[in-house]
Amino acid sequence: MYILVKLLQGYQEPLLYSAPDEWATEKLIGSIVTVPLRTTLVPAIITESYQHKPITERTFTIKQATSLEAFPHDTHYLPFIKQLAAHYQVDELFCIKRIKQFLTQKEQQIEHISYTVAQHHESSTVRLTPEQQVIVDALNPYIDTPSYMPSLIHGVTGSGKTEVYKKLISATIEAGKSVIFLLPEVTLAMQFNKLLVSQLAQSIALKSFHSASSIKEKKQAWQMLINSQPMVLLGVHLPILLPIPNLGLIIIDEEHDVGYQEKKHPKINSKEAAIWRAHQYGIPIVLGSATPSIASFYNVKTRGWKLFTLTKRYTGSFPTIKKVLLINKQKRQNFWISDELTKAIADRLAKKEQIIIFLNRRGFSFFIQCTNCSHIPSCSSCSVSLTVHEEGHLSCHYCGFTTCVPKKCPACTSGEDALLKRGIGTQQVVRILETMFPLARVGRADMDTTTKKKLWHQTLTDFEQGQIDILVGTQTITKGFHFPRVTLAGILWADVNLHFPVYNASETTLQQLIQVAGRAGRQSPESLVIVQAMADHDIFAYLNEIDYRLFYENEIESRQALNYPPCARLIEIELKHTHEHIVERESHLLATCILSKLEHYPMITVLGPAKPPVSKIKNIFMRKIYLKGPNINDMLALIKQTKTLPLSSAVHVCPNPLH
């Protein structure tokens, strides 16, 4: 017997080996083996198997593979990985290498978090609302008799989407199948792990598979996959890359979130990959959100997705929304805290209720600027200004560079009093609130704290237990968290992201604002959301989440008129080089090459090349080219025809980029 393998590291061409006789009864394709290469043993994956030696012109001694590594037997896995690799223009073995990297990672590299969780109880003790029951009854047949069925749950904040998920999970596990449950952030995945462990039946195995879960847990999950044992795999990106022999259901919560697209190349969109996988495996996939993406609503209209709605909150009532413009000249204690918000905070503190203050900027302030010469201290390695932090230093949020706040202007040597702090960040908000409300306990949750998992967990626990009165945070507090004591949400600068040069700025901003508002009043009959903005904007008319569908109807007309996703497809081509003049020249060379081939692709439009808003990170210069057209495969085929160009720049292709 003979096998054709591809090495997981090093040499990329397929290699032929003989296989021990006892492997003849194994289903070998897709299995991991150890093979001799020169004087060492290396891992490889079997891509083909033959009963007889294949005919080849090459003459060489065929060595025998030495061992067969246990690998989950998922017959759909390799075709799925090939599709993923072709779409993202990467090697087919990328996903397998990545999974093996996590399984062989040293245990001490992971920062562990211990949870104290409630005892298991049967989820059947929760009685579903009529709206929830309709969804469960409609989807159970697709679990019992598996078939592809993409379903979108548009459920208002606090409507109990999780209760629907739990019922569908239980039905899938009872059928002997496994579930992939995706969430857009590790911190949210950790929170859901705690919730599901305490609320699902004890017989349901729940395994986390993300960057913060332990190697021990990952290896336990891997062994269960090898044994085809049913379980729930919880994570952000990694679960969708795992071979799962008995996959029966995929759930994607907060499906609108751009966090499902990885930030490093290849920028795999886990939500998109999950939809392909459900289709290929012939299983149902459920996507849920209070603010579904424009693309998902469009798929309901054009691709036959099922739409379910949850219009009522499980408990509590919708908050009152109040818009406040900060442009008025009225004197107040602090520019960023309006009188309306000040009074509301004081009222909630007096009632022993909790408050969330949202600002989508971390740090102390955006930057400092000299009032005499207008100089702004910037990062020498990245094309961004340095952010002021209250510890007395300036930081780059891209490369981590840190320096002290200067005592005088580096450009004109003006004194410290000429260096004006511009904008505001979460650290400054905490200080302002501590000054205005000295008896209040103020906590902070932003990227600076959430990257430190233990600190984030402690902050979250303190807020849940009522030991923090006011929680100041960035977008990390907007996603899926349930804080029953919160009756006030204040949004300090609602329009800060509306003017970014991206086609979906209105969509992502409105989603974020509604998600923040949805943290208020989840178990209270009266709650308030105060939305502060520098200027009025059309999207503020849709802040009441009941009107979110009206925003879709308006936004989709604009997308159709401008031919932007989801009405067209978009591909981002990013070039990177250490020398700016090279990446500039080669980006134009690539764009010219693409333009020369458009006679065969008349429906494709080329945009760029252009500098992105941040055009240098860690001394690497970037340029971007965008392709826009009706068919993603045509655009990928066009890009493939440019592969022979002699470019020294790194070229990365990202289909359907999210911003």
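Every number here is computed from the coordinates shown, using simple stated rules; none is lab data. All values derive from a computational prediction rather than experimental measurement. A quick note on method: Cβ atoms are made from the backbone with ideal geometry, for glycine too, and the neighbour counts reach across all protein chains shown.
Brief remarks on what is shown
- Candidate aspartates and glutamates - alpha carbon under 13 Å from Lys161, same-chain residues fewer than 8 apart omitted: Glu131, Asp253, Glu254, Glu255
- Cysteines having no other Cys beta carbon under 4.7 Å from their own, within the chain: Cys95, Cys399, Cys404, Cys567, Cys593, Cys654
- Note on segment 569-655: Lys pairs 8 or more places apart or on different chains, Cα atoms under 26 Å apart, count 24.
- A dipole drawn for segment 525-659 from +1 and -1 charges on Cβ atoms has a positive end, and of Val583, Val606, Ala533 the residue lying farthest that way is Val583.
- Residue order, fewest to most beta carbons within 10 Å, for Met436, Met622, Met224: Met436, Met224, Met622
- Relative contact order, whole percent, for segment 569-655 stands at 48, derived from Cα pairs under 8 Å and 6 or more residues apart.
- Relative contact order computed over the chain (Cα-Cα under 8 Å; 6+ residues apart), in percent: 12
- Between the amide H of Val232 and those of Val179, Ala205, Leu206, Lys207, distances stay under 5 Å, these residues lying 5 or more places away or on another chain, with hydrogens modeled in the peptide plane.
- Semi-axis lengths (Å, descending) of the ellipsoid that matches the C-alpha gyration tensor of segment 2-71: 16, 16, 11
- Proximity of backbone amide H atoms, modeled 1.01 Å from N, is registered between Val472 and Ile357, Gly443, Arg444, Ala445 at under 5 Å, excluding neighbours fewer than 5 places apart on the same chain.
- The share of alpha-carbon pairs in segment 289-406 lying farther apart than 25 Å comes to 58%.
- Above-threshold pairs, the threshold being 22 Å between Cα atoms, out of Lys97/Lys194; Lys166/Lys301; Lys194/Lys454; Lys301/Lys322: Lys97/Lys194; Lys166/Lys301; Lys301/Lys322
- Distances between placed amide hydrogens fall under 5 Å for Phe367 paired with Val388, Arg422, all partners being 5 or more residues away or on another chain.
- Computed from backbone phi, the HN-Hα couplings of segment 629-643 come to x, x, 10, 5, 5, 5, 5, 5, 5, 5, 4, 4, 6, 9, 5 Hz, rounded to whole numbers (Karplus: 6.51 cos²θ - 1.76 cosθ + 1.60, θ = phi - 60°; Gly and Pro given as x).
- In a reduced charge model with +1 at each Lys and Arg Cβ and -1 at each Asp and Glu Cβ, segment 2-71 shows a dipole moment near 200 debye about its Cα centre.
- Along its three principal directions, the equivalent ellipsoid of segment 210-249 from the Cα gyration tensor extends over semi-axes of 16, 13, 8 Å, largest first.
- Counting neighbouring beta carbons within 10 Å and listing from fewest to most, the residues Cys567, Cys370, Cys593 come out as Cys593, Cys567, Cys370.
- Simple point charges give the picture: +1 on the Cβ of Lys and Arg, -1 on the Cβ of Asp and Glu, and for segment 569-655 a dipole about the Cα centre of about 180 debye.
- Exposure proxy ranking, count of Cβ atoms within 10 Å, fewest first, for Phe297, Phe318: Phe318, Phe297
- Ranking Thr311, Ser67, Phe621 by how far each Cα lies toward the positive end of the dipole of the chain (charges on Cβ) leaves Phe621 at the top.
- Size of charge dipole - the chain - debye, nearest 20, with Cβ of Lys, Arg +1 and Asp, Glu -1, no other charges: 860
- Its alpha carbons give segment 406-525 an Rg and a Dmax of 17.4, 57 Å.
- Orientation-averaged projection of the chain equals 33.3 nm² [convex hull of Cα atoms, one quarter of hull surface area].
- The spread of Cα positions in segment 569-655, taken along each principal axis and listed from longest to shortest, comes to 36, 25, 15 Å.
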